[in-house]
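Q: The structure under discussion is supplied below as structure tokens; questions concerning it will follow.
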Amino acid sequence: MSSPIKLNEDQKAQADVLLALLDQQNNSELKIRLEQSLPAIWFGSSFVEQKCQRYPELFIELVRSGELERAYNANELQNKIIASLKSDSVSSETELMTQLRLIRTREMIRIIWRDLAGWSELTETMCELSELADACVDSALILLYKWNCAKLGTPFDQDGNQQHLVVLGMGKLGGHELNLSSDIDLIFAYPEEGDTQIDKTENKKIKNNKSITNHEFFQKLGQQLINALSKLTADGFVFRVDMRLRPFGSGPLAISFDAMEDYYQIHGREWERYAMVKARVIAGDQEQGEQLLIRLKPFVYRRYVDYSAFESIREMKAMIQKEVKRKNKELNIKVGAGGIREIEFIGQVFQLIRGGRELKLQSRSILKVLVTLQELGILPEFVVEQLTVAYDFLRRTEHRLQAWRDEQTHSLPTDETAQQRLAYSMGFADWNSFNQQLLHHRTRVHEHFEQVFVAPQADTPSDETVELTPLWLGEIDDNDALELLTNNGFSAAQDVWRHIKTVRESRAYRNLSARGLDRMDRFMPLFLSA
């Protein structure tokens, strides 16, 4: 990506030093590409500039290995991280944290450079960020589990089967859609209750030689894993970890499969169905983890066509909109009107409604879901195309915002310099050109969201609906009811009135829950008016 941007004197001197280290590479074509892209990278990412200056050896190694210029092959990144953590230098939690943070720094330089230089597509960037998180979590877990078994004993169930932790990745991580500076939403679980078993000849480090419960073991292991990933040290952090999607939100860090299944059957709420759509086993016991997801699937995907999802997601969106207004987040491209969240809502509401019957809708990728909705005839081709293009634009904008300082932000800048930086990194000559295109995409997204979710006849009842409400509720006598029905166009008013009373007096209606009665009492006047 050739750049008209000029580096200041200090930046140019630092760039010259960095590029001079590559001279022995003797690849003039490569050096030209780096010289052309470097100004745009440092203009768009203070984070990369600072890290290249602090860790020039990481940049040099990325260039000499050829990895800066190409996408990784399948499992290449994970194998690389596992190999680096098997070295003799990693024998404690402190050394593990140091090594993980160096790995993260190296890979973030590479990913951001390729993104800003235009050498990678959006899907590659999201997938490699997600694979980086998967590999860091899994590799750290392998070591921490081994060290804890040596100190506390090895966890087994009552039948003598060794137990391992299962880590579920939720949200964008689960969908292989992670962004440049995202939290990772995790849930910890283990298959069975039991106790640790101690081999006294092998485990000399165990204090008092006392076993503990599997719950205590995995609780401690989970805490150590979170600390290894999210603790801020002199080398930064690996990933911020968010555990609030776990059962009860603030309950135990890890629970058994049976306890988790019971939770969702008894206490599971509608928004948790939405969250579980993207759940994926990212670390630990993969086979047992897949069995857990199979057990939880009936909670997420209903066997019938479940239209209640419309109301629950509308309620979620209303809560977000209130928060947006309260905190002045209109410039937020994630949760603001026409933002990323509205595209996700459009896809995921149909997943919850029809996913139990249409198995192709059980995909974790929003882009694949949109394609499936088009194939099933649920969304028109032009709508899917517009949403897909808007998603690409919004997610790339999100990455450009976060690449600057590796900060978790989704808000558009108000400072003129920052605006110009964002516009240029998105391929626009100025802020106005970029902002017009952004508004174009957000307007389209919001219009499609409104088409799917908004029911104007329910939000602003018509005069006819208001008039027919007391009729349905039985608040008027027979003569007034017949006159009202006739005036509203019912030619067989007496038959209609008889049917209405039959429904309202039926056992099925009387046995509805309070929520069901409320829905029915709001629906019937709308139905009669229509």
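Q: Answer yes if at least one residue in segment 23-40 is at pLDDT 90 or above and either open to solvent by 20 Å² or more (accessible area, probe 1.4 Å) or in contact with a Phe, Trp or Tyr (Cβ under 8 Å, 6 or more places away or on another chain) (or both), and no otherwise.
A: Within segment 23-40, none of the residues are at pLDDT 90 or above and either open to solvent by 20 Å² or more (accessible area, probe 1.4 Å) or in contact with a Phe, Trp or Tyr (Cβ under 8 Å, 6 or more places away or on another chain) (or both).
Q: Just to be sure before I move on: is ILE313 at pLDDT below 90 and of a type in the set (A, V, I, L, M, F, W, C) in the structure I sent?
A: Considered against the rule, which asks whether it is at pLDDT below 90 and of a type in the set (A, V, I, L, M, F, W, C), ILE313 comes out as yes.
Q: Hey, another quick one. Do we have any residue at all in segment 140-160 that's in a loop (DSSP other than H, G, I, E, B), among the polar types (S, T, N, Q) and over 30 Å from GLY44 (Cβ atoms)?
A: Within segment 140-160 (the criterion being in a loop (DSSP other than H, G, I, E, B), among the polar types (S, T, N, Q) and over 30 Å from GLY44 (Cβ atoms)), the answer is yes, since at least one residue qualifies.
Q: Of the numbered conditions (1) buried (at least 18 other Cβ atoms within 10 Å of the Cβ); (2) on the phi > 0 side of the Ramachandran plot, VAL277 satisfies every one except a single condition; which is it?
A: It fails just one condition, (2).
Q: For GLY153, only one of the following conditions fails: (1) more than 24 Å from the chain's Cα centre (by Cα); (2) surrounded by fewer than 20 Cβ atoms within 10 Å (Cβ to Cβ). What is its number?
A: (2)
Q: Here is a further query. Those residues that are in contact with a Ser or Thr (Cβ under 7 Å, 6 or more places away or on another chain) and either among the small types (Gly, Ala, Ser) or within 18 Å of VAL238 (Cα to Cα) (or both), I need them from segment 30-70; list them, please.
A: Selection gives ALA40, GLY44, LYS51, TYR55, LEU58.
Q: Which pairs turn up if I take residues in segment 256-270 that are at positive phi and at pLDDT 95 or above and look for partners that are of a type in the set (Gly, Ala, Ser) and not in a helix (DSSP H, G or I) with beta carbon separation below 8 Å, at least 6 apart in sequence or on another chain?
A: none
Q: Further question: Only one of (1) surrounded by fewer than 18 Cβ atoms within 10 Å (Cβ to Cβ); (2) among the charged types (D, E, K, R); (3) in contact (Cβ under 8 Å) with a residue 24 or more places away in the chain is not met by GLU287, so which one is it?
A: So the condition that GLU287 fails would be (3).
Q: Please indicate, with yes or no, whether at least one residue in segment 282-293 is out of contact with any Gly (no Cβ under 7 Å at 6 or more places or on another chain) and at pLDDT below 95.
A: No, because not a single residue in segment 282-293 is out of contact with any Gly (no Cβ under 7 Å at 6 or more places or on another chain) and at pLDDT below 95.
Q: Of these, LEU85, LEU96, which one is modelled with pLDDT under 90, of a type in the set (A, V, I, L, M, F, W, C), closer than 28 Å to GLY175 by Cα and open to solvent by less than 10 Å² (accessible area, probe 1.4 Å)?
A: Criteria check complete, one pass: LEU85.
Q: Taking only segment 113-159 into account, find how many residues are of a type in the set (Gly, Ala, Ser) and touching a Phe, Trp or Tyr at 6+ places or on another chain (Cβ under 7 Å). Even if it seems obvious, please write down each step before you answer.
A: Taking segment 113-159 and keeping what is of a type in the set (Gly, Ala, Ser), we get 117-118, 120, 130, 133, 135, 139-140, 150, 153.
Keeping just the survivors that are touching a Phe, Trp or Tyr at 6+ places or on another chain (Cβ under 7 Å) gives 133.
Qualifying residue count, segment 113-159: 1.
Q: Go through segment 116-140 and give me each residue that's farther than 15 Å from VAL281 by Cβ, β-branched (Val, Ile, Thr) and open to solvent by less than 10 Å² (accessible area, probe 1.4 Å).
A: The answer is THR125, and nothing else.
Q: Specify which of the listed residues (LYS220, LYS205, LYS210) is of a type in the set (Lys, Arg), modelled with pLDDT of 95 or more and either at positive phi or open to solvent by 20 Å² or more (accessible area, probe 1.4 Å) (or both).
A: Exactly one of LYS220, LYS205, LYS210 is of a type in the set (Lys, Arg), modelled with pLDDT of 95 or more and either at positive phi or open to solvent by 20 Å² or more (accessible area, probe 1.4 Å) (or both), namely LYS220.
Q: Kindly state which helices (runs of 4 or more DSSP H) lie completely within segment 224-333 and contain at least 1 residues that are within 21 Å of GLU192 (Cβ to Cβ).
A: Details: elements: 257-266, 270-276, 286-300, 308-326.
Helices (runs of 4 or more DSSP H) meeting the threshold: 257-266, 286-300.
Q: Can you give me the number of residues within segment 207-223 that are closer than 15 Å to TYR145 by Cβ and in a loop (DSSP other than H, G, I, E, B)?
A: Residues that pass the stated criteria total 1.
Q: Out of everything in segment 41-68 that is of a type in the set (Ser, Thr, Tyr) and farther than 13 Å from TRP113 by Cα, what residue ends up being surrounded by the fewest Cβ atoms within 10 Å (Cβ to Cβ)?
A: Step by step, filter segment 41-68, then rank; the result is SER65.
Q: Quickly run through segment 224-255 and pick out the residues that are aliphatic (A, V, I, L, M), buried (at least 16 other Cβ atoms within 10 Å of the Cβ) and more than 13 Å from LEU186 (Cβ to Cβ).
A: Within segment 224-255, ILE255 is the sole residue that qualifies.
Q: Which residues, counting only those in segment 175-186, are closer than 15 Å to ARG244 by Cα and surrounded by fewer than 24 Cβ atoms within 10 Å (Cβ to Cβ)?
A: Matches in segment 175-186: SER182, ASP183, ASP185.
For (1) touching a residue at least 60 places away in the same chain (Cβ under 8 Å); (2) within 26 Å of MET126 (Cα to Cα); (3) of a type in the set (Lys, Arg), each residue gets a yes or a no:
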{"residue": "GLY174", "(1), (2), (3)": "yes, yes, no"}
{"residue": "PRO191", "(1), (2), (3)": "yes, no, no"}
{"residue": "GLN197", "(1), (2), (3)": "no, no, no"}
{"residue": "LYS220", "(1), (2), (3)": "yes, no, yes"}
{"residue": "VAL238", "(1), (2), (3)": "yes, yes, no"}
{"residue": "ALA254", "(1), (2), (3)": "yes, no, no"}
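Q: Further question: Looking only at helices (runs of 4 or more DSSP H) that lie completely in segment 483-530, which have at least 2 residues being under 16 Å from GLU467 (Cβ atoms) and open to solvent by 70 Å² or more (accessible area, probe 1.4 Å)?
A: Those helices (runs of 4 or more DSSP H) span 514-529.
The values are calculated or read from the model by the stated rules, or taken from the named source; none is laboratory data. Not measured: the values here are computed from a predicted model. Positions of Cβ are backbone-derived with ideal geometry, glycine not excepted, and every protein chain shown enters the neighbour counts. Ligands, DNA and RNA are stripped out before the accessible areas are found, and what is left, the full protein with its side chains, is counted by its heavy atoms. Shrake-Rupley method; radii C 1.70, N 1.55, O 1.52, S 1.80 Å.
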